[in-house]
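Student: Below is the structure I would like to discuss, written out as structure tokens.
The values are calculated or read from the model by the stated rules, or taken from the named source; none is laboratory data. These numbers come from a predicted model, not from an experiment. Glycine also receives a Cβ, built like all others from the backbone with ideal geometry; neighbour counts cover every protein chain displayed. The protein model used for the area step is the full one, side chains on, heavy atoms only, and it has no ligands, DNA or RNA in it. Shrake-Rupley method; radii C 1.70, N 1.55, O 1.52, S 1.80 Å.
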Amino acid sequence: MKIKLLFIVFIIISNLTLVAQANKLELPIVNDKEVFVEKDGFVEVEAEFFYKQSKSSIRKWYRTSQHNYPKVGRDEDVPHYTNASNGAYIEILPDTRVSHDDELIRGENFSDKPGLIAIVHYKVKINTPGRYYVWVKAFSTGSEDNGLHAGINDEWPEHGKKMQWCDGKNKWTWESKQRTKEEHCGVPKQIYLDIDKAGIHDIQFSMREDGFEFDKFILTNNINYIPK
């Protein structure tokens, strides 16, 4: 009886530890005073350096690194921190739609409309207004974890919607393509934000598909730029 009680206590403590860990890994590690500065038409930001999350009641972003691995519902793939920049990245969890065999639930594990679910926010100071092309470094293992939306100042322009990854599976891959009805794998040079005023702006990314793994992003005013 004593052994059984000890076992139950152990399970309770383990579950509480996992909950505490999950709560910790969804919290920002920088505050809203952390501003990333564009210089010469270029700025690069680590995904884990978001200053807040919003609309996160259904899905949230969680940080993964060598010593911090969230346990939040379904998440079938292994951690991919080894080749991530800064040794860390964020992922939308839980990941309930891994393949086409899993049910697609709009407004839960999929959102074709941007700005509705799991938004991460970054403060970016733009010194040179203009059109900024958005590049994101992501890790995709299948066909249901490769979509994201980009926005600015709580606005979600047409050319920030439906970022798409098809190539570069099972490795960290830079991409800047927009999924269209005609081209499901995305059209290059069609993901951008038009920033008309200099100053501090709120750059945002929201869920299209759960399970999305996000390492870093770049804003550049050079249409021909390709990250190495």
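Student: Taking the residues in segment 146-164 that are open to solvent by less than 10 Å² (accessible area, probe 1.4 Å) and not in a strand (DSSP E or B) as candidates, determine which candidate is farthest from residue 106 (Cα to Cα).
Tutor: Restricting to residues being open to solvent by less than 10 Å² (accessible area, probe 1.4 Å) and not in a strand (DSSP E or B), the top hit is 160.
Student: Another one. Against the definition (within 23 Å of residue 74 (Cα to Cα), under 17 Å from the mean Cα position of the chain (by Cα) and in a strand (DSSP E or B)), how does residue 120 come out, yes or no?
Tutor: So residue 120 passes the test.
Student: Look through segment 79-97, keep the residues that are farther than 14 Å from residue 59 by Cβ, assigned to a loop (DSSP other than H, G, I, E, B) and not hydroxyl-bearing (Ser, Thr, Tyr), and return whichever of them is most open to solvent (accessible area, probe 1.4 Å).
Tutor: This residue is 83.
Student: Something else about it: Restricting to segment 165-185, give me the number of residues that are without any contact (Cβ under 8 Å) to a residue 24 or more places away in the chain, part of a strand (DSSP E or B) and either open to solvent by less than 10 Å² (accessible area, probe 1.4 Å) or more than 15 Å from residue 220 (Cα to Cα) (or both).
Tutor: Final tally of qualifying residues: 1.
Student: Whether any residue in segment 194-207 is crowded, with 18+ Cβ neighbours inside 10 Å and part of a loop (DSSP other than H, G, I, E, B) is what I want to check.
Tutor: no
Student: Which numbered condition in (1) farther than 18 Å from residue 225 by Cβ; (2) at pLDDT below 95 is the only one that residue 168 fails?
Tutor: Failing condition for residue 168: (1).
Student: I've got another one for you. Please identify the pairs in which a residue from segment 132-150 that is under 11 Å from residue 168 (Cα atoms) has its Cβ atom under 8 Å from the Cβ atom of a residue that is open to solvent by 20 Å² or more (accessible area, probe 1.4 Å) and of a type in the set (Phe, Trp, Tyr), counting only partners at least 6 apart or on another chain.
Tutor: Final answer for the pair search is 137/172; 137/174; 138/172; 139/172.
Student: Moving on. Can you tell me which residue is surrounded by the most Cβ atoms within 10 Å (Cβ to Cβ) among those in segment 39-61 that are out of contact with any Phe, Trp or Tyr (no Cβ under 9 Å at 6 or more places or on another chain) and either under 20 Å from residue 95 (Cα atoms) or among the acidic types (Asp, Glu) (or both)?
Tutor: Result: 59.
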